[in-house]
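Quick note: the coordinates plus some simple rules give every number you see, no bench work behind them. Since the structure is predicted, the reported quantities are computational estimates derived from the model, not experimental observations. Methodologically, a virtual Cβ is constructed for each residue, glycine included, from the backbone with ideal geometry; neighbour enumeration extends over all protein chains shown.
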Amino acid sequence: MFRKRQVHLDFHTNGTLPVGKNFSKEQFQKALKTGHVNSITVFSKCHHGWSYHPTEANEMHPELDFDLLGAQLEACKEIDVNAPVYISAGFDEKEYIKRPEWRYRCSPDINDCLEYENEVHFHLLCFNTGYLDFLCRQIEEVMQKYNPCGIFLDIVYPKVCYCEKCVSDMKALGMNIENEDDRQKFAVMTLNKYTEATNAAVRKYSDTATIFHNSGHIPKGDYGFIKANTHLELESLPTGGWGYDHFPLSAAYVRSLNNTDYLGMTGKFHHSWGEFGGFKHPNALIYETSLSIANGAGCSIGDQMHPLGEMNMSTYGLIGKAYSLVEEKEPWIEGAANVADIAVLSAEALTGNRDVKADIGANRMLLENNCLYNFIDSKMDFFAYKMLILPDVAILSEETIEKIKAYANNGGKIIASGEALIKDGEFALDFGATFKGENEYNPTYFIPCFETVNGTTEYLMRCNSYKLEAVDCEIAAYMQNPYFNRTAEHFCSHAHAPNNPEESFPAVAIKGNAAYIGWDIFTAYARHGHLCFKELFTYVLKKMMGDELTVTANVPDRAVVTYTRQEKEKRNILHLLYAHTTIRGEKTEVIEDIVPLNNVECSVKCASKPSKVLLVPTETELEFEFNNGIAKFTVPEVNIHQMVAVED
């Protein structure tokens, strides 16, 4: 069974520090029991390059005089805690200093490389050099000597390298180092060479050991990389700069990969990795682990052991406050598959670019509307969803466009925006309008044909916009241009020119099951967060979906709503989450106080009348009404996370 209460134990220790002097098997075990931990990633080799066990393939830390890895593995085995082994792959500071020919070179400019080398941080090595063989010998040694249940390899991603070996090999293959496409292609080839070699080093000794290559990100649509792993771990430390809406976006894609186990990886730290003495409030960790399980993931919490080898009991008291609750909830988590009404065709998967604003904006809007959704790539099944959202970016593949047309022709609902479904200067789908090209003005103004919070007026839209001409569609919004674009020679006031009310033209067209929004609305929402962007999207979404949403709940926009199915147990689980977040310091988003939600009214679509509706894990039965295929009930209170079982 995939373990869902994991700790990722960092141990990156300078060669001058004492190591392991206070390690105690009993104290180590006590910490894990206090933390309700059932899996912990322990360490073979750190970013500094030292091994923490006797080794012929590497060098043991000079201040260590016993087998620390072996002692941890033995301690875990005695109390039935899984213990995959960590090996730093991309960093090895010791070898970076000793072996210049293995170094990653960030630029063809020697001055850029010298600047990188002199910065105080860990430095990358190149997998296209003899370093890869050196790394594989370390992996084989760990596998042969310890037979661990898994291997975790860190700092792994495609990177363009200008070292002598990479430049020479590209030339031999007829590739041009000056060409960006060739550089990226060779970077992927090098990564594939690495994953094949390291996976083979593991599989030489075990057919069952788990393997994960950590890049801090799961690239959407990159099946070559995804399939190199036996499971996935989604690194997402909210306080470390990721924020609290980062994990839901990652999870929304990964959970759409069939039969893929995955963990949500957060940290116990106030900020991020490498922090000794940093602690977040227990309520934050309770929320973060609840967010993982509500999205179909297991949990992993990052910690860092002190060089002396003693586990910090305050840390494991903190972890235990979260994991004791996860443990109670596990009967309603095992085998649960997330239910989704809506799919977003990921802009990252279409463009190959990471952190695309269109994806970020779409994720935020759907979260804030408490929708059930997944992010998908073009290879996945569109027909599993009631609605498909195509956010902002152009779709270049004719095959994908034909697949979208087939989905729409079969009754699937479409919302497209920006350049999505613009092919050869025309709409690739019938929106009841004619495409008239990109608008030369930015910003523009949005005039709704529906009620908004601030009434029917002109709303600023700071993003690219697109012109259309209505033919036989419903117009949901109009657009007005400013009097002129802002330039050094031609400007008005502090920011931009006012709207020109003398001309309005259609901006949002709806025809049947297809809607087009003539702004890069999702990109704009990620950048600016204007309420009017969300109001427009929400209007179109609700008009298109009607009463087809599987779940509704009267919760705030910062709440998270998910719905899962346990087929074996014949029940669905509604997850309701809410936490009040505050910005502390310059940009750290934290959770401290519990702000409960009271009397949350919920409705769920059901094929037949449920036999029971229960608060879990307390198994308190709720009264409910059932009419026209919808069960309605009220959840008395949500304190961070409440699960409701709707039993067939």
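From the Cα gyration tensor of region 501-543, with a ≥ b ≥ c the square roots of its eigenvalues, which class applies: rounded if a/c is under 1.5, or else prolate if a/b is larger than b/c, or else oblate?
In terms of gyration-tensor shape, oblate.
Cα-based radius of gyration for region 342-545, normalised by 2.2 N^0.38 Å, reads 0.98.
Take the alpha carbon gyration tensor of region 551-647, find the square roots of its eigenvalues, order them as a ≥ b ≥ c, and report rounded if a/c is under 1.5; if not, report prolate when a/b exceeds b/c, else oblate. Prolate, since a/c reaches 1.5 and a/b exceeds b/c. Beta bridges per DSSP, both residues in region 342-545: antiparallel share near 60 percent. Sequence-ordered 3J(HN,Hα) estimates for region 243-253 from the Karplus curve with 6.51, -1.76 and 1.60 and θ = phi - 60° stand at x, 7, 9, 6, 4, x, 5, 4, 5, 5, 8 Hz, glycine and proline given as x. For His231, the residues 5 or more places off, or on other chains, whose built amide H falls under 5 Å of its own are Ile211.
Answer rounded, prolate or oblate for region 364-425, using the Cα gyration tensor with square roots of eigenvalues a ≥ b ≥ c: rounded when a/c is under 1.5, else prolate when a/b is larger than b/c, else oblate.
Details: a/c = 1.93, a/b = 1.33, b/c = 1.45.
Taking the square roots of the gyration eigenvalues as a ≥ b ≥ c, region 364-425 is oblate.
Segment Ile79..Phe66, full-extension length gain: 2.5 nm, with 0.36 nm per residue of separation and the alpha-carbon distance subtracted. Per-residue 3J(HN,Hα) values for region 270-287, derived from phi via the Karplus relation 6.51 cos²θ - 1.76 cosθ + 1.60 with θ = phi - 60°, read 5, 9, 8, 4, x, 9, 7, x, x, 9, 9, 5, x, 4, 5, 5, 4, 5 Hz in sequence order (x marks Gly and Pro).
Full extension of the chain between Glu402 and Ala495 gives 29.3 nm of extra length, using 0.36 nm per residue less the Cα-Cα distance.
Place the peptides 139-148, 86-95, 581-590 in order of packing, highest mean first, counting for every residue the other Cβ atoms within 10 Å and averaging per peptide.
Top of the packing list down: 86-95, 139-148, 581-590.
Under 5 Å between amide hydrogens, built in the peptide plane, is the criterion, and for Asn500 it picks out Asn481, Tyr483 among residues at least 5 positions away or on other chains. In the chain, the DSSP-assigned H stretches of four residues or longer account for a calculated mean residue ellipticity at 222 nm of -8500 deg cm²/dmol, using -39500 (n - 2.57) per stretch and the full residue count as denominator.
Beta bridges from DSSP with both residues in the chain: antiparallel share about 60 percent, rounded to the nearest 5. Across the chain, the volume of the C-alpha convex hull divided among the residues equals 182 Å³ per residue.
Dipole of the chain computed with +1 at Lys/Arg Cβ and -1 at Asp/Glu Cβ about the Cα centre; of Leu615, Gln480, Ala347, farthest Cα towards the positive end is Leu615.
Binning all Cα-Cα separations of region 435-504 at 10 Å, short to long from zero, yields these whole-percent fractions: 19, 48, 27, 5, 0.
With the highest mean first, a sort of the peptides 527-536, 270-279 on other beta-carbon atoms found within 10 angstrom per residue produces 527-536, 270-279. Computed about its Cα centre, the charge dipole of region 180-330 is approximately 160 debye, with only Lys, Arg, Asp and Glu carrying charge at their Cβ.
Cross-link pairs exceeding 23 Å between alpha carbons, from the set Lys227/Lys357; Lys33/Lys280; Lys33/Lys587: Lys227/Lys357; Lys33/Lys587. The dipole here belongs to the chain: it is taken about the Cα centre, uses +1 on the Cβ of Lys and Arg and -1 on the Cβ of Asp and Glu, and is about 900 debye. Descending by average beta-carbon neighbour count within 10 Å, the peptides 350-356, 505-511 line up as 505-511, 350-356, the highest first.
Maximal additional length on extending the Ala200-Asn554 stretch stands at 122.3 nm, based on 0.36 nm per residue less the C-alpha distance. What the phi angles of region 570-575 give under the Karplus curve with 6.51, -1.76 and 1.60, with θ = phi - 60°, is a coupling list of 6, 7, 10, 10, 8, 10 Hz, glycine and proline written as x.
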